[in-house]
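We did not get these values from a lab; they are worked out from the coordinates using the rules stated. Computed from a predicted structure; not experimentally measured. Ideal geometry is used to build each Cβ from the backbone, glycine not excepted, and the neighbour counts take in all protein chains shown.
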Amino acid sequence: MEKSALQIARAAYQPKLPKALLGSVVAKEGKPTQSVGNQDDIKKLFPNTYGMPVIEFESGEQKAVEPINVGVILSGGQAPGGHNVISGIFDGIKSLNPNSKLYGFILGPGGLVDHKYMELTSEIIDEYRNTGGFDIIGSGRTKLEEEWQFEKGIKILKELNIKALVIIGGDDSNTNACVLAEYYAAKQYGVQVIGCPKTIDGDLKNEQIETSFGFDTACKTYSELIGNIQRDCNSARKYWHFIKLMGRSASHIALECALQCQPNICLVSEEVEAKAMSLDDVVTYIAEAVALRAADGNNYGTVLIPEGLIEFIPAIKKLIAELNDVLATDEAKQVGRNKQLDYVRDHISEENLKVFNSLPTDVASQLALDRDPHGNVQVSLIETEKLLSHMVAVKLEKMKKAGKYDGKFAAQHHFFGYEGRCAAPSNYDADYCYSLGFNATRLIANGKTGYMSIIKNTTAPAAEWIAGGVPITMMMNMEKRNGKMKPVIRKALVELDGAPFKFFASKRENWARYTSYVYPGPIQYFGPTEVCDQSTITLQLEQAK
């Protein structure tokens, strides 16, 4: 593999570990836990892995450990730092016993089912330390939820004498990990399953999980690009840039980028829903800000738009909920794509049909497209940034005729998604991910299954980070997926009474009118800690540091 000068320098970087993980550890157990919702249902579905305690590791005496073979799976979309989770697992099991082995399943959970794997040796691992991407073994979106998949998986696990499986993924992937852990525990197969919290969306977090890995790097990458656009915007002074940012449900990425860059407008989907704003309300909000800046002679600006915004507009959310049910039926699955729109119109309520017909044809078509494997609307296909800028232009023309606007409006469109998913991890993500992987091996060594590897107190120096584990069942509730109630990890949305949003809300009126841009520049890997090792502003505000 050819390497750039940066890769060569980064290969030599040794990620930092919490002090508690530097030697042998003992598990300090808390009180029994319960799920965040639907306790009776979750307990019934997970009798072998429900109610386990939260664990915190402390330094202990070194004990001899038998060699252990571990399998690892990368599941779902890429996130910076995945390779460091794997290198942390590798170094962790080797520190327990040099004869331990690590096997990677190829292209995600499907590799387990299809028995496609490779042994990850030190030579392979060393090629990927501190690099972005998931290309060491690839990723995939196969859902592990059927008994035949579990049984096919156990065959190869037994064949390779794998005693523990680490699934690195987001909320859906870790829900699958929990289901797999329960199944193997019920069957007494002797295989432990541990999860690691991955997603650039930032929506896999709670009281125990401070942040999902990759969020820090992705936000810094997008913020560099936004800063570059804002510098160009402030130089040319003739365009409004509508920038859509990845984040399928939650607006964490958009909010963090707003905190870093101070754009004129940042929409937050959760606020749009809480205020029951219509699409026209959103358009009016943007148009009025455009008019206000135009009155000052500034016919330019930046607008940040969360990828999932359209789903949070109440009328459209209600429409999508019915579309999900309609399209989940066997009858709908038999309808060809050419007739799908007509089928939808014939099978939804009059109220939702009115909303559906009010949308531009291309947006209506995108809402009625097939779902992703988890039954979700493929919001990344909906060009919300173009929809909004077009509607703003129409609104401004009406305002101009009414004498409420006298300016020029020209729009540029951007969608930042894949640009951030495989970036070289920041120092924060490099350290955090390595710690998550290393910590997972301590959960395995302590005989745990159905746990998520967690690292806390991460705004402090790495030596002071707290390592441990949380039962995955603790994060679960019941939600409708593909027309059926399923146990899933509850997504963490932006909290409107939380410190990050409150800080943003206190500043946005000023940012909307005046040019207050910040230009973060590229991620820094070498230099003073205050430049290179800082966590996201979101995390700093949440922890008041």
Revision key, fill the gap. In order over region 3-17: 3J(HN,Hα) from phi, Karplus 6.51/-1.76/1.60, θ = phi - 60°, whole Hz, x for each Gly or Pro, gives 10, 7, 4, 5, 4, 4, 5, 5, 4, 7, 6, 9, x, 7, 10
**Study point:** Rounded tilt (10° steps) of 171-186 against the dominant C-alpha axis of the chain
**Key:** 30 degrees
Check your understanding: Length gain on complete extension for the stretch LEU353 to GLN334, per 0.36 nm per residue less the alpha carbon to alpha carbon distance?
Key -> 4.7 nm
Review point. Going by alpha carbons, how many degrees (0 to 90, nearest 10) lie between the helix axis of 82-96 and the longest principal axis of the chain?
Key: 20 degrees
Review point. Percent relative contact order of the chain, based on C-alpha pairs within less than 8 angstrom and at least six residues apart?
Key: 24 percent
Point to revise | Acute angle (nearest 10 degrees) that the helix 279-295 long axis makes with the longest principal axis of the chain, alpha-carbon atoms | key: 70 degrees
Check your understanding: Computed on alpha carbon atoms, what radius of gyration and Dmax characterise region 325-446, expressed in Å?
Key -> 22.6, 72
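Give the shape of region 437-539 as rounded, prolate or oblate, defined through the alpha-carbon gyration tensor: a ≥ b ≥ c are the square roots of its eigenvalues, a/c under 1.5 means rounded, and otherwise the shape is prolate if a/b is larger than b/c and oblate if not.
oblate
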Check your understanding: Relative to the compact globular guide of 2.2 N^0.38 Å, what is the alpha carbon radius of gyration of region 144-296, as a ratio?
Key -> 1.50
Study note, to complete from the structure: Once both label points are put 7 Å beyond Cα along the C-beta direction, the ASN99-ALA402 separation in nm becomes 8.0 nm
Point to revise | Anchor LYS386: lysines whose Cα lies under 20 Å away (excluding residues fewer than 8 positions away in-chain) | key: LYS238, LYS244, LYS317, LYS395, LYS398, LYS408
Revision key, fill the gap. The Rg/Rh figure for region 1-96, Cα atoms and Kirkwood Rh, to two decimals is 1.07
Revision key, fill the gap. Diffing region 301-307: the Karplus 3J(HN,Hα) column from phi (6.51, -1.76, 1.60, θ = phi - 60°), in whole Hz with x for Gly and Pro, holds x, 10, 10, 9, 10, x, 3
Review point. Short version: ³J(HN,Hα) in whole Hz for each residue of region 260-266, in order, from phi by Karplus 6.51 cos²θ - 1.76 cosθ + 1.60 (θ = phi - 60°), x for Gly and Pro, what are they?
Key: 7, 10, 6, x, 5, 9, 9
Revision key, fill the gap. Rh (Kirkwood, all Cα-Cα pairs) for region 207-330, Å, reads 16.0 Å
Revision key, fill the gap. Amide H contacts under 5 Å for MET452, restricted to residues at least 5 apart in sequence or on another chain and with H modeled in the peptide plane, are GLY195, VAL470, ILE472
Exercise for review: Run down the lysines and flag those whose C-alpha is under 18 Å from the C-alpha of LYS187, throwing out any fewer than 8 positions away in its chain.
Suggested key: LYS43, LYS44, LYS152, LYS155, LYS158, LYS163, LYS448
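Tally the DSSP beta bridges in the chain and give the antiparallel ones as a percent, rounded to 5.
40 percent
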Revision key, fill the gap. A chain fully extended from TYR514 to ALA499 at 0.36 nm per residue, minus the present Cα-Cα distance, gains in nm 3.1 nm
Review point. Counting only residues 5 or more places away or on other chains, whose amide H sits under 5 Å from the amide H of ILE466 once H atoms are built in the peptide plane?
Key: LYS456, ASN457
Review point. So how do 93-101, 524-532, 503-511 stack up, highest first, on mean other-Cβ count within 10 Å?
Key: 93-101, 503-511, 524-532
Practice item. Would you please give the FRET efficiency between LYS507 and ALA463, computed as 1/(1 + (r/R0)^6) with r the Cβ-Cβ distance and R0 = 35 Å, to the nearest 0.05? Key: 0.55
Exercise for review: Please give the peptides 317-326, 160-169 ranked by average Cβ packing (other Cβ atoms within 10 Å per residue), highest first, as a rough proxy for protection.
Suggested key: 160-169, 317-326
Review point. Given 10 Å bins starting at zero, what is the percent of C-alpha pairs of region 290-371 in each, up to the one with the largest pair distance?
Key: 16, 41, 21, 12, 9, 1
Study note, to complete from the structure: Label model pair GLU145, LYS187: point-to-point distance (7 angstrom along the Cα→beta-carbon line) in nm is 1.9 nm
Check your understanding: For the chain, what is the convex hull volume of its Cα atoms per residue in Å³?
Key -> 158 Å³
Exercise for review: Arrange the following residues from fewest to most other Cβ atoms within 10 Å of their Cβ: TYR519, TYR428, TYR103.
Suggested key: TYR519, TYR103, TYR428
Review point. Taking only DSSP H segments of four or more residues, each worth -39500 (n - 2.57), what value at 222 nm results for the chain once the sum is divided by all its residues, to the nearest 500 deg cm²/dmol?
Key: -13000 deg cm²/dmol
Check your understanding: Given +1 on the Cβ of Lys and Arg, -1 on the Cβ of Asp and Glu, and no further charges, what dipole in debye does the chain carry about its Cα centre, rounded to the nearest 20?
Key -> 360 debye
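Taking the number of other C-beta atoms within 10 Å as the exposure measure, put LEU21, LEU102 in order starting with the fewest.
The most exposed by this proxy come first: LEU21, LEU102.
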Study note, to complete from the structure: Cross-link reach from LYS198 to lysines, straight Cα distance under 17 Å and at least 8 residues apart if same chain, gives LYS143, LYS220, LYS456, LYS491
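Mean shadow of region 287-332, computed from the convex hull of its alpha carbons, in nm²?
Details: hull surface 18.2 nm².
It is 4.5 nm².
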Check your understanding: Using the per-residue mean of other Cβ atoms lying within 10 Å as a proxy for protection, in what order, highest first, do the peptides 264-277, 351-364 fall?
Key -> 264-277, 351-364
Study note, to complete from the structure: Once amide hydrogens are built 1.01 Å from N within the peptide plane, the residues lying 5 or more places from PHE213 or on another chain with amide H under 5 Å from its amide H are LYS198, THR199
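Kirkwood hydrodynamic radius, computed over distinct alpha-carbon pairs, for region 170-241: how many Å, to one decimal?
15.3 Å
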